[in-house]
Amino acid sequence: MARTDTGHRRHRRNRERLKRLREPCHLCDEPIDYSIPYPHPDSFEADHVKPVSKGGYLFGELRASHKRCNTARGNRSVDEYRDSIRVDCVDRFPTSREW
Ligand SMILES: [Zn+2]
């Protein structure tokens, strides 16, 4: 399928352009170490704002993310993922107000 080949080449170019921007992860807001090689969990991965599996366009908006964040997000929306990590943080670091 020639169309798919062309699409992936274009996608890769978009990804490289995004990588050069050195943006922090759009899912957890933490900086990304762009020197970490893929597929390390903390390495850079281009994340589709709208998941392709949910009807998103392959050339749709890409944002920088950690591979682990992108994997953890799965097919959820960015908002759903952010809600889920907010809950995780509360569980992991309970804020004590007893003092
Ligand atoms: Zn992240």
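Laboratory data are not the source of any read-out in this text; all were calculated from the coordinates shown. This is a predicted model, so every value here is computed, not measured. Heads up, the Cβs are rebuilt from the backbone with ideal geometry, glycines too, and the neighbour counts pull from every protein chain shown.
Annotations
- Computed packing ranks the peptides 62-70, 39-47 as 62-70, 39-47, most packed first, by mean other Cβ atoms within 10 Å.
- In a fully extended conformation the segment linking Ile36 and Glu16 would gain 5.7 nm over its present Cα-Cα distance, using 0.36 nm per residue.
- Simple spin-label estimate for Arg9 and Ser53 gives 2.9 nm between the two label positions (7 Å along the Cα-to-Cβ direction from each Cα).
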